[in-house]
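Chemist: Pasting a structure here, questions to come.
The values are calculated or read from the model by the stated rules, or taken from the named source; none is laboratory data. Computed from a predicted model, the values in this text were never measured in an experiment. Note: ideal-geometry Cβ built from the backbone for every residue, glycine included; neighbour counts use all protein chains shown. All accessible areas refer to the heavy atoms of the entire protein, side chains included, with ligands and DNA or RNA removed. Shrake-Rupley method; radii C 1.70, N 1.55, O 1.52, S 1.80 Å.
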Protein chains: 4
Amino acid sequence: QTEGRATHGKTAQARHGRRGRGAFIGAVHRIASRIDDRWEVVAGALSSDPERARASAADLGIAPDRAYASWEEMARAEAAREDGIDAVAIVTPNHMHAGPAIAFLKAGIHVICDKPLAATSDQADAIAAAAREASARFVLTHNYTGYPLIRQARAMIAAGELGEIRLVQAEYAQDWLTESVEATGNKQAAWRTDPAQAGAGALGDIGTHAFNLLSFVTGLRTEALLADLQSFGPGRRVDDNAHVLLRLERGARGMLWASQVAPGNENGLRLRVYGTKGGLEWGQENPNVMTFAPFGEPKRILTRGGAGLGGSSAQFTRIPPGHPEGYLEAFATLYADAADLIAGTGDGALLPGIADGLDGMWFISACQRSSAAGGQWVTR
Amino acid sequence: QTEGRATHGKTAQARHGRRGRGAFIGAVHRIASRIDDRWEVVAGALSSDPERARASAADLGIAPDRAYASWEEMARAEAAREDGIDAVAIVTPNHMHAGPAIAFLKAGIHVICDKPLAATSDQADAIAAAAREASARFVLTHNYTGYPLIRQARAMIAAGELGEIRLVQAEYAQDWLTESVEATGNKQAAWRTDPAQAGAGALGDIGTHAFNLLSFVTGLRTEALLADLQSFGPGRRVDDNAHVLLRLERGARGMLWASQVAPGNENGLRLRVYGTKGGLEWGQENPNVMTFAPFGEPKRILTRGGAGLGGSSAQFTRIPPGHPEGYLEAFATLYADAADLIAGTGDGALLPGIADGLDGMWFISACQRSSAAGGQWVTR
Amino acid sequence: QTEGRATHGKTAQARHGRRGRGAFIGAVHRIASRIDDRWEVVAGALSSDPERARASAADLGIAPDRAYASWEEMARAEAAREDGIDAVAIVTPNHMHAGPAIAFLKAGIHVICDKPLAATSDQADAIAAAAREASARFVLTHNYTGYPLIRQARAMIAAGELGEIRLVQAEYAQDWLTESVEATGNKQAAWRTDPAQAGAGALGDIGTHAFNLLSFVTGLRTEALLADLQSFGPGRRVDDNAHVLLRLERGARGMLWASQVAPGNENGLRLRVYGTKGGLEWGQENPNVMTFAPFGEPKRILTRGGAGLGGSSAQFTRIPPGHPEGYLEAFATLYADAADLIAGTGDGALLPGIADGLDGMWFISACQRSSAAGGQWVTR
Amino acid sequence: QTEGRATHGKTAQARHGRRGRGAFIGAVHRIASRIDDRWEVVAGALSSDPERARASAADLGIAPDRAYASWEEMARAEAAREDGIDAVAIVTPNHMHAGPAIAFLKAGIHVICDKPLAATSDQADAIAAAAREASARFVLTHNYTGYPLIRQARAMIAAGELGEIRLVQAEYAQDWLTESVEATGNKQAAWRTDPAQAGAGALGDIGTHAFNLLSFVTGLRTEALLADLQSFGPGRRVDDNAHVLLRLERGARGMLWASQVAPGNENGLRLRVYGTKGGLEWGQENPNVMTFAPFGEPKRILTRGGAGLGGSSAQFTRIPPGHPEGYLEAFATLYADAADLIAGTGDGALLPGIADGLDGMWFISACQRSSAAGGQWVTR
């Protein structure tokens, strides 16, 4: 499945297409790209079955001549068009990122790709090599970085409001793999628990999100880690629970927990950061609120764009505080940033890219090596 | 300011335009109509100043020949076009709803109008009369009814899960008028505290939301009320705090509090309903969660589309539980329902309309009469 | 049931006895008086049945010669003893407060009495008259005033941290009378729903607590009120739900809700106060936390004795912040204050007394008169 | 400082004394032992300075002849008295547990001792040896096990309500050592950060609590662990942060975080347990609430003694649900259980003892060895 969009209004020159098998995350990308009216779907390779590809294209309002049978063809044809797409969204399973990503980058078309970067380090390295040589940009949708209060947290830490960072406690807990649903025909579960397609389990699917988030917010690089991985689900071939210790730059320490077998947790992504001068706590399920505890003073409840917050979070929000924004708006912020980047009206400084993708691949592979060795420290 | 949109995909025949002075709520309507890709802006009367009207239209991608200088002209011209808009969005101050609403209804164009219905009962009655005679539909954006868990609550109560309803505690608390910001050049505050433009203060702006929500969820009509209104802000000419007692059908009783002078409250819309068999509690600022207490059992945390919830909320949501949806998605659900209604693919049974608008006008005027009389009961 | 206690340590001259039919609240008083080691039970009239009185006395470690058959005898005998009790605790049903209270006051023995003051205004006036003439003190156990953060709130408001008070939203919601348990042999329910013994239902049992709390915290007297009372429980002879509007001194307004038929509420006593400069919110079920919103700044989470709080709450607490204190400790603070008052080591300025009791009786009777008149305003 | 108490009422034969330097924890033990009226202070060795010992004894109401100058003398003298104490409370710094504990055990006097068991493994082993040979009982005040909902959690897990346990996430976070307060004359900080007196830092002070709690609740023994310890406070000689991975019996895995340098955390002891059939979450700062998520159903809010909970928590509580109990009541439950154990009216099955103490010592020393080796797994 591939879609193309054209941006609206002043950035009319920017265009993108999208590739993906759809499911939950495909619809998310479509809505996210629509919210700020900066993108339009104009092309797509939506299925390897020509009949289905045509039908899906029609559904999305894609002209028949831009409904392609393969991404190879789409990259070639769109690159050749005067009004070709500017960007393509890749939302396929992890092992199918590298092919289209490299093709579109080589065709000079910007790539907006779902995470993790790839299913294997080799695939990831190939994408990175292509990106280095390409004029086009590569954006990785670590979408949680689009939450206004996450950007606020990053700005506060960068400004020294927490002092020197000592501790990072990150977690992403779910429960949807508590039972072996991959054996019951659940397609999402099937590919996400297939080592060949996913490359990793909880680690790649949600662990990389938690890892990216802590890196994004603290600005600290992880230098070493130690992981204890488990596959609790009977017959499960990938990890469904990861316990990880982290050693970060400048002496900071961290813990990261990613799980898909913790009953009662839907998308419990939670980040807590503590420094010499204060602490911050945030959770994704109620993302419009963050607590900030300056040491020795009462804890404060910061709200998205709320009273006394300064501009850091307000600039990434669309509606007044107290009216909740959610997952789709945070995702949309990445699409808006990408439009700005491509249009030259923004520098994309906050957009995750290749470096973050490689960092995530190191995280996955280091955790896997550590755990395979019985739980040993792995250094960069 | 007026915009027009054409729906996408299968309901390509549906189209709408939008009228509004913009500000916060104008942008909200635009995003909300975009989220589900059912609408497109294709026409507008965006300013009484022709120069500004043209510029704004260009910004929104409206063709120059559909950028009108007035809503009268827009209604006439769009009704005459083969590809004319199907619906218009009216998001002007309250006293400017009636004019365009009646004109578009008479022109056979569906109307999506912000609440409250009007600034005066006379205006409201005129709209109602026009709607009765029109073939076009009238939708009132009591947007909080679009929250999935609010629809879940309505369904649970209709199914008898709370037993006979005894009590409704509704409130909508804000703090943005704690000080007299209308005197400092805040445009939003200026018209919302002007009796001529707004018709009422907290009562109309947020009180009607709370009142509509409790009516929507319980299905009970309010038969009598008593109000104690205050204008705490120095020099303020409308109410900024309303304390209201309610007597509903079948012996139920209620309290409603609307305030814009309660420091620490952003958009504290909260609803609690108690019956002979259980209770429900929901708050707008974290709308993806609702508690349900079956009497004599532990309280349950219901999440939007979450475990064990049944379909009632899941059908109005776009992403999995644990990924928060917010204000814009709830608003979008009204736009999607309206597109279905117009396209004949839905019955609009959950969409607020004229009857709700008149009910809200009764609420406002009954509260004003009650309070003016020193706090007396006012019956329908 | 009557118990007597002797204080420990330096205030060895202070002594008290206790009278009560026991049940839940009797045990509470006993524990509360023990916590700070200022009191000892040394006498009691524990039952009108001499056999049971003796057995209960032995259970509590009361010497046989101080186990009385009636409170009349106990008042007489203890007043005559050199080592007689200093104080008596009265925890009987409301209609049995006046008799012993007046007898012990006349005997020069301090009285610690449960609320409300009495079952009728006449009884209350008689107690008040006795208290005016007595040298002994009268303490009314509006125990929630002993919570450290409630005292903190009172001090903050008195210091002007909220500016001029505009709004008070008080509520006390329970669910234990959702069904007619008084008909099923529940003794607590039986007397609390008997007009003769209780004098009122939710109003007296919990409404007076909410009313006292708002008066204590704001320091504002209520000048007028309007009530809508209901008896939802089939066959119930007292109110089980009260909706009340309040007009306080200096233009402040309030809402008070007391209910015993709100499923999911255990002891939902909650107070919110808003002024020109800020707001405070506190709930009894997690009493170690209060939020304070200075207008225009982020909301702060104040914890009992916690960081940056000043001494106001820390002086009424026994353990470090983060280790929760609860209901019993708040109750104990009243007993400790009473010991200080009697010993002359404290002025009892924060202790509820006769004036609070009479205020509560006015609240009950004004609500009853207002509601009986169909919901009319009743002025002092 | 040493105090003695005599139990009241029916267990009049049980008596105990208490030894401790006081501070915060001394007062806590005194209040806790008073709450249920089962103990009385009747003897003490309250200071090595005879003058101070006498004054403190008088303050506590201890007769002069039972105010001892040393615990050696106290153990000897009390053992010789007909009305000698039954139990002694040891609340001194960790390195001073062994001396008095062994002396009182040998004297046949029951010991109630604060945790951790000792400052070194040698001291711990000596206490254990003495306990094995003694007729008297040894109780270790892992007081958090006294919280009613913790006992409820243990019972639910034992009954299989969570299925097979897979994961345990335990943490105890504080912030009071964020800065080096031990250098500023804070006595509590001074001994708790002195390796000789404390034996460990956060590990011993709070980590053992978290470790004990997870063992108590799950009933699972930890077979191996790996720790990364830090001393963030400048000049600090003990750990103030511990990151620990756990491998428990039957394939369960855990994470434990103990920190005294996490700003905004007061006493953030939190436990989450996940099994094949459900999950439980509980936090100490609002201990009257626990969530239970049966997999595939809505999460439930369990309250202490609340609706539909069964008897497991209600039997350890004193007041109705919704009236919060706190830290002191949980502590009191251990004292009540100890009184029952000594009186023969209870089996003390839930009371932590020597085995728990040795388990905690293993936890401390294994963490220290693991971390000293750079973060290696340490097996039992």
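Chemist: If you scan segment D:111-167, which residues turn out to be in a loop (DSSP other than H, G, I, E, B), surrounded by fewer than 20 Cβ atoms within 10 Å (Cβ to Cβ) and in contact with a Ser or Thr (Cβ under 6 Å, 6 or more places away or on another chain)?
Modeler: Selection gives D:GLY163, D:GLU164.
Chemist: Please specify each residue of segment A:24-40 satisfying the condition of being at the interface with chain B (Cβ under 9 Å from one of its Cβ atoms) and not basic (Lys, Arg).
Modeler: Here is the first cut: in segment A:24-40, the ones at the interface with chain B (Cβ under 9 Å from one of its Cβ atoms) are A:24, A:27-28, A:30-31, A:34-37.
Across segment A:24-40, the qualifying residues are A:PHE24, A:ALA27, A:VAL28, A:ILE31, A:ILE35, A:ASP36, A:ASP37.
Chemist: While we're on this one: In segment D:171-182, is there at least one residue being assigned to a helix (DSSP H, G or I) and without any contact (Cβ under 8 Å) to a residue 24 or more places away in the chain?
Modeler: The answer is yes; a qualifying residue exists.
Chemist: Just name the residue that is surrounded by the most Cβ atoms within 10 Å (Cβ to Cβ) out of those in segment A:277-290 that are more than 7 Å from every other protein chain (Cβ to nearest Cβ), out of contact with any Ser or Thr (no Cβ under 7 Å at 6 or more places or on another chain) and farther than 16 Å from D:GLY268 by Cα.
Modeler: Looking at the filtered set, the residue picked out is A:MET290.
Chemist: Something else now. So, in segment C:330-363, how many residues would count as being over 14 Å from the mean Cα position of the chain (by Cα) and open to solvent by less than 10 Å² (accessible area, probe 1.4 Å)?
Modeler: So the count comes out to 2.
Chemist: Looking at segment C:267-284, which of its residues are touching an Asp or Glu at 6+ places or on another chain (Cβ under 7 Å) and within 22 Å of B:GLY278 (Cα to Cα)?
Modeler: Across segment C:267-284, the qualifying residues are C:ASN267, C:GLY268, C:ARG270.
Chemist: From the list A:ARG369, A:ARG318, which one is within 24 Å of the chain's Cα centre (by Cα) and at pLDDT below 95?
Modeler: Testing whether each residue is within 24 Å of the chain's Cα centre (by Cα) and at pLDDT below 95 leaves just A:ARG318.
Chemist: Looking at (1) open to solvent by 10 Å² or more (accessible area, probe 1.4 Å); (2) modelled with pLDDT under 80; (3) of a type in the set (Gly, Ala, Ser); (4) closer than 30 Å to C:THR208 by Cα, can you tell me which one C:SER70 breaks?
Modeler: Result: C:SER70 fails condition (2) only.
Chemist: Also, quick follow-up: Return the only residue of C:GLY306, C:GLY375 being under 30 Å from D:ASP175 (Cβ atoms) and more than 20 Å from the chain's Cα centre (by Cα).
Modeler: After applying the criteria, what remains is C:GLY306.
Chemist: Can I ask one more? Applying the selection to segment D:216-233, what residues are open to solvent by less than 20 Å² (accessible area, probe 1.4 Å) and among the polar types (S, T, N, Q)?
Modeler: Hits for segment D:216-233 are D:THR218, D:THR222.
Chemist: As an exercise: evaluate D:ALA307 against (1) over 20 Å from D:VAL28 (Cβ atoms); (2) more than 9 Å from chain C (Cβ to nearest Cβ) and give the number of the one condition it does not meet.
Modeler: Every listed condition holds for D:ALA307 apart from (2).
Chemist: A follow-up question, please. Would you be able to tell me the number of residues in segment A:366-380 that are open to solvent by 30 Å² or more (accessible area, probe 1.4 Å) and hydroxyl-bearing (Ser, Thr, Tyr)?
Modeler: 1
Chemist: For the structure I just gave you, tell me whether B:ASN212 is more than 14 Å from chain A (Cβ to nearest Cβ), crowded, with 21+ Cβ neighbours inside 10 Å and over 30 Å from D:PRO321 (Cβ atoms). Talk me through it step by step, then tell me what you get.
Modeler: On the way: more than 14 Å from chain A (Cβ to nearest Cβ): yes; crowded, with 21+ Cβ neighbours inside 10 Å: yes; over 30 Å from D:PRO321 (Cβ atoms): yes.
Yes: the conditions hold for B:ASN212.
Chemist: Quick one: count up the residues across segment A:46-63 that are in a helix (DSSP H, G or I), without any contact (Cβ under 8 Å) to a residue 12 or more places away in the chain and away from every other protein chain (no Cβ under 13 Å).
Modeler: The qualifying residues number 2.
Chemist: If I ask for residues that are touching a helix residue (DSSP H, G or I) at 6+ places or on another chain (Cβ under 9 Å), assigned to a helix (DSSP H, G or I) and either closer than 18 Å to D:SER259 by Cα or of a type in the set (Phe, Trp, Tyr) (or both), which ones from segment D:183-198 would you list?
Modeler: D:GLN188, D:ALA189, D:ALA190, D:TRP191, D:ARG192, D:ALA198
Chemist: State the number of residues belonging to segment A:347-380 that are within 14 Å of chain D (Cβ to nearest Cβ) and among the aromatic types (Phe, Trp, Tyr).
Modeler: Final tally of qualifying residues: 1.
Chemist: Taking B:ALA262 as the residue in question, decide whether it is touching a residue at least 40 places away in the same chain (Cβ under 8 Å), among the aliphatic types (A, V, I, L, M), part of a helix (DSSP H, G or I) and farther than 17 Å from B:VAL378 by Cβ.
Modeler: no
Chemist: Turning to a different aspect of this structure: Any chance you could count how many residues in segment B:317-327 are of a type outside the set (Ser, Thr, Tyr) and crowded, with 24+ Cβ neighbours inside 10 Å?
Modeler: Number satisfying all stated conditions: 4.
Chemist: Same structure, new question: Which condition breaks for D:PRO298 when tested against (1) within 13 Å of another protein chain (Cβ to nearest Cβ); (2) touching a residue at least 60 places away in the same chain (Cβ under 8 Å); (3) surrounded by fewer than 24 Cβ atoms within 10 Å (Cβ to Cβ)?
Modeler: (2)
Chemist: Quickly run through segment D:72-110 and pick out the residues that are among the charged types (D, E, K, R) and either outside any helix (DSSP H, G or I) or within 20 Å of D:TRP362 (Cα to Cα) (or both).
Modeler: Hits for segment D:72-110 are D:ARG81, D:GLU82, D:ASP83, D:ASP86.
Chemist: When the residues of segment A:173-195 are filtered to those that are more than 17 Å from A:GLY207 (Cα to Cα) and among the β-branched types (Val, Ile, Thr), which remaining residue is most open to solvent (accessible area, probe 1.4 Å)?
Modeler: Selected residue: A:THR184.
Chemist: Looking for whichever is touching a residue at least 40 places away in the same chain (Cβ under 8 Å) and touching an Asp or Glu at 6+ places or on another chain (Cβ under 7 Å) here; the options are D:ALA339, D:ALA332, D:ALA343, D:ALA366. Which one fits?
Modeler: Of the residues listed, the single one that is touching a residue at least 40 places away in the same chain (Cβ under 8 Å) and touching an Asp or Glu at 6+ places or on another chain (Cβ under 7 Å) is D:ALA332.
Chemist: Among the candidates B:ARG270, B:ARG236, B:ARG250, single out the residue that is within 14 Å of chain A (Cβ to nearest Cβ) and surrounded by fewer than 24 Cβ atoms within 10 Å (Cβ to Cβ).
Modeler: Unique residue meeting the criteria: B:ARG270.
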